[in-house]
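Heads up: the structure comes next, in structure tokens.
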Amino acid sequence: MKQKPKIIQVLGTSSSSGKTSIALSLCRHLSDIGFHVAPFKSVNMSLNSIAIDKGREISRSVWLQAMAARSDPEYQMNPVLLKPEGEGKSQVIVDGMSRGVMTIDEYHRFMMNELPGIIKRDLDHLIENYDVVIAEGAGSTAEINLQDWDYANIKISSLYDTPAILVSDIERGGSFASIYGTLKLMLRSDLVRWIIINKMRGDASLLLGGIEKIEELTGKKFIGVVPFLEGIILPGEDSLDYHFRGEHHSRVAVIRYPHMENYSDVDPLRFAGIPFTFVDERNSFSIENADIIILPGSKNVPADLDYLRRSGLDEKIIASAHKGKRILGICGGYQILGRDITLFGKGREQTLKGLSLLKISTTYEDKKTVGRLIGSFMPASTGISSPVSGYEIHYGKIRENAELPLILLNGEDGEVSEGAVSSNRRIIGTNLHGILENRDFLEWFLNVSRESGWFYRVIEENIKKVTEHFIGHLETEEILTYLEKT
């Protein structure tokens, strides 16, 4: 008789219930005790992605869980990544490669016709190559209007009749009702074996009567009440993890246009304790208080450039440049800093005027560029000559660059220059996501001292803290017993 795959799914009664943190903690805990673990999230909606090997990209949260599991990230860990573009459309990343932009109807057809086979193929790859798969659900597992095509939740457990954990966020209130209601409304509730209440503030013993009643009514076992966790920062899954605005008088202003993506580029600021402010039209005066301005990536550069003009933020950014303030543009922000952006589509050519703070021109192409980048900083531009690494995820291509290059990359066909630095060394642009993770650049650009390898050391320390917190409040013996018997 063939052995049942060792898959444990973490489902939620709602979004932000703590599924991601619990899945991450299980990945690290099981790795600690000797299992070769793979994270898995079949469908993920996020603007935070990262490039991995062979020109593929996966969500930042799955990448982080792979890091927790001490496993190399693979595209099979995140079969589908959706990047919302507004107006009911999303860019659809399948097995790490873009399938282009789809409407809701187009995506629905894709899900019904192709997605089940893709998910099973990728999950089977992980089953074959790892001891345990920790599969994270998405949102609520009881969205009855979506059940026929909800391939992110219990349908994963249903593939091999493997057990699931249901997580409830007590901070939202009505936790017992949400648990009971979810189990009554969801498909295959028989596969839910364990329940966790998360984000408890106060005395957990007050819940004992309710816990006993739910166990009696459902036959499911509670394996933990986890206290609310504060003060630990990890890369977020999407924009909701970066909803804070910051202090008006922060030294650093980060422009938050409507289609901002790759929020994780600001994580080095968070980890280094550097105060910064997300700036939009509601607090545009914060630009005047800042010494440094960052224009991050954009999912829709033309729309965000138009937003800067309509809000008057473009004039404030240009005025700051004339005052000698430092400005960094990353990916879409890099393109916005240039002279012009040429777009092709529907049989016509359109050229948009940029902020003209860098002497570069961008052309948009149908082919998406995704990959890891390794090279070294150009000492003539920055005074730095140390190695640099990061990744690129973009459509636009710089066709003209009359500025000093920022980086010399190690390309397949030899060394190539990347990025742009103005003659006064105050305006910098690059396609390199993760540029601020590089110690020497952080010190040069922000005048903040950090030891070598500091960024990933902070992530590793916080993975340990998160794991200790969750595992310390869970009866993991129940899970281990299941794994040993399977």
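If I filter region 47-63 for residues that are surrounded by fewer than 23 Cβ atoms within 10 Å (Cβ to Cβ), charged (D, E, K, R) and assigned to a helix (DSSP H, G or I), do I get at least one hit?
Scanning region 47-63 turns up at least one residue that is surrounded by fewer than 23 Cβ atoms within 10 Å (Cβ to Cβ), charged (D, E, K, R) and assigned to a helix (DSSP H, G or I).
Among MET111, MET67, which is more than 25 Å from LEU24 (Cβ to Cβ), out of contact with any Pro (no Cβ under 7 Å at 6 or more places or on another chain) and not small (Gly, Ala, Ser)?
MET111
Based on this model, can you work out whether LYS368 counts as modelled with pLDDT under 95 and loosely packed, with under 12 Cβ neighbours inside 10 Å?
For LYS368, the condition - modelled with pLDDT under 95 and loosely packed, with under 12 Cβ neighbours inside 10 Å - is not met.
May I ask you to list the residues in region 311-326 that are more than 18 Å from THR351 (Cα to Cα), in contact (Cβ under 8 Å) with a residue 12 or more places away in the chain and not aliphatic (A, V, I, L, M)?
Those that are more than 18 Å from THR351 (Cα to Cα), in contact (Cβ under 8 Å) with a residue 12 or more places away in the chain and not aliphatic (A, V, I, L, M): SER311, GLY312, LYS316, SER320, GLY324, LYS325, ARG326.
Given the structure, is SER311 out of contact with any Gly (no Cβ under 8 Å at 6 or more places or on another chain), modelled with pLDDT of 95 or more and surrounded by 21 or more Cβ atoms within 10 Å (Cβ to Cβ)?
Considered against the rule, which asks whether it is out of contact with any Gly (no Cβ under 8 Å at 6 or more places or on another chain), modelled with pLDDT of 95 or more and surrounded by 21 or more Cβ atoms within 10 Å (Cβ to Cβ), SER311 comes out as no.
Just checking, which of ILE459, ILE435, ILE479, ILE463 is closer than 30 Å to SER356 by Cβ and surrounded by 15 or more Cβ atoms within 10 Å (Cβ to Cβ)?
Among ILE459, ILE435, ILE479, ILE463, only ILE435 is closer than 30 Å to SER356 by Cβ and surrounded by 15 or more Cβ atoms within 10 Å (Cβ to Cβ).
Which condition breaks for LYS89 when tested against (1) in contact with a helix residue (DSSP H, G or I) (Cβ under 6 Å, 6 or more places away or on another chain); (2) closer than 19 Å to LYS299 by Cβ; (3) free of Cβ contacts under 8 Å to residues at least 24 places away in the same chain?
All conditions are met except number (1).
Return the only residue of VAL448, VAL458, VAL416 being at pLDDT below 95, of a type in the set (A, V, I, L, M, F, W, C), more than 15 Å from ARG326 (Cα to Cα) and touching a Leu at 6+ places or on another chain (Cβ under 7 Å).
VAL416
Residues that are in the same structural domain as SER17 (by TED's automatic domain parsing) and modelled with pLDDT under 95: which strands (runs of 3 or more DSSP E) entirely in region 78-164 hold 1 or more of them?
Those strands (runs of 3 or more DSSP E) span 80-86, 89-94, 97-103.
Please state which of the following conditions LEU207 fails to meet, knowing it meets all the rest: (1) free of Cβ contacts under 8 Å to residues at least 40 places away in the same chain; (2) more than 27 Å from the chain's Cα centre (by Cα); (3) surrounded by fewer than 14 Cβ atoms within 10 Å (Cβ to Cβ).
Condition (3) is where LEU207 drops out.
Take SER361 and tell me if it is at pLDDT 95 or above and in a strand (DSSP E or B).
Yes.
Kindly list the number of the only condition in (1) among the polar types (S, T, N, Q); (2) touching a residue at least 24 places away in the same chain (Cβ under 8 Å); (3) surrounded by fewer than 22 Cβ atoms within 10 Å (Cβ to Cβ); (4) touching a Leu at 6+ places or on another chain (Cβ under 9 Å) that fails for GLN335.
It is condition (3) that GLN335 fails.
Would region 382-390 turn up any residue that is farther than 29 Å from TYR75 by Cβ and either part of a helix (DSSP H, G or I) or not assigned by TED's automatic domain parsing to the domain that holds HIS433 (or both)?
yes
Answer with yes or no whether PHE278 is under 26 Å from ILE459 (Cβ atoms) and among the hydrophobic types (A, V, I, L, M, F, W, C).
yes
Of the residues LEU187, LEU183, only one is part of a helix (DSSP H, G or I), under 20 Å from GLU136 (Cβ atoms) and more than 27 Å from the chain's Cα centre (by Cα); which?
Criteria check complete, one pass: LEU183.
So which residues in region 266-290 are assigned to a strand (DSSP E or B), over 21 Å from GLY434 (Cβ atoms) and either in contact with an Asp or Glu (Cβ under 9 Å, 6 or more places away or on another chain) or modelled with pLDDT under 90 (or both), if there are any at all?
Answer for region 266-290, where residues must be assigned to a strand (DSSP E or B), over 21 Å from GLY434 (Cβ atoms) and either in contact with an Asp or Glu (Cβ under 9 Å, 6 or more places away or on another chain) or modelled with pLDDT under 90 (or both): just THR277.
The values are calculated or read from the model by the stated rules, or taken from the named source; none is laboratory data. For clarity, every value in this text was computed on a predicted model and none was experimentally measured. Heads up, the Cβs are rebuilt from the backbone with ideal geometry, glycines too, and the neighbour counts pull from every protein chain shown.
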